[in-house]
Amino acid sequence: MYIQVKLWLLKMKRNSCPLDLNGTGYCASFNFRRTARAVTRLYDTALQESGIRSTQFAILVAIAKNQPVSIGTLADVLVIDSTTLTRSLRLLQKSGLVIVSNRAAMRQRFLTLTTKGEHALARSLPAWRKTHLRFVRTIGPEHWIELRSELERLAHVARDLEKPEDKIPALARINS
């Protein structure tokens, strides 16, 4: 019985998809997204009691470090498209955690944390610190510093690759 099931599974695997998917397991997007989902889940679990998610935590931290900050600048800092950011900001504003100004000069809107937003961030920081310390200790502090630098470099490479090829800096083309 075991052998028949094993043979049936092998046959199904061979016949399940007529496409040539060779090499797709090495896809940068697939691997980064899988890792990002796992890390996000880790931090979401840690922050659950604080009432905010890790994505909201990242936005609140970025606002707190740069306030008042324009939505466009925040989108650049977080490397997030403005539509997704606007949707997230709407939820944070509705929860009373951020204030979005009226359009100012040059048609920009600026963000600041409310007192409630500062309290939410302060409430989440101990859980974030504990989880982050555990994560860094597990992979090793030196490895984390190197990995973080490499992730930063790769983010710049990916952003450069969105540009037409003749606009990509020469160093990025050589190192990629």
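The values are calculated or read from the model by the stated rules, or taken from the named source; none is laboratory data. Computed from a predicted model, the values in this text were never measured in an experiment. Cβ coordinates were reconstructed from backbone atoms using ideal geometry, including for glycine residues, and neighbour counts include every protein chain displayed.
Here are a few things to note about the model shown:
- Enumeration of residues in segment 116-141 that are among the β-branched types (V, I, T) and closer than 13 Å to A64 by Cα: none
- Apart from one condition, V79 fits all of (1) under 21 Å from H132 (Cβ atoms); (2) touching a Phe, Trp or Tyr at 6+ places or on another chain (Cβ under 8 Å); the exception is (2).
- Qualifying residue in segment 67-78 (condition: farther than 20 Å from E152 by Cβ and free of Cβ contacts under 8 Å to residues at least 24 places away in the same chain): no
- L111 meets all of the listed conditions (1) in a helix (DSSP H, G or I); (2) touching a residue at least 24 places away in the same chain (Cβ under 8 Å) but one, namely (1).
- Taking the criterion of being in contact with a helix residue (DSSP H, G or I) (Cβ under 8 Å, 6 or more places away or on another chain), among the hydrophobic types (A, V, I, L, M, F, W, C) and surrounded by 13 or more Cβ atoms within 10 Å (Cβ to Cβ), the residues of segment 111-146 that qualify are L111, L113, A120, L121, A127, W128, F135, V136, W144.
- In segment 147-176, residue modelled with the lowest pLDDT [restricted to those that are of a type in the set (K, R) and surrounded by fewer than 12 Cβ atoms within 10 Å (Cβ to Cβ)]: K167
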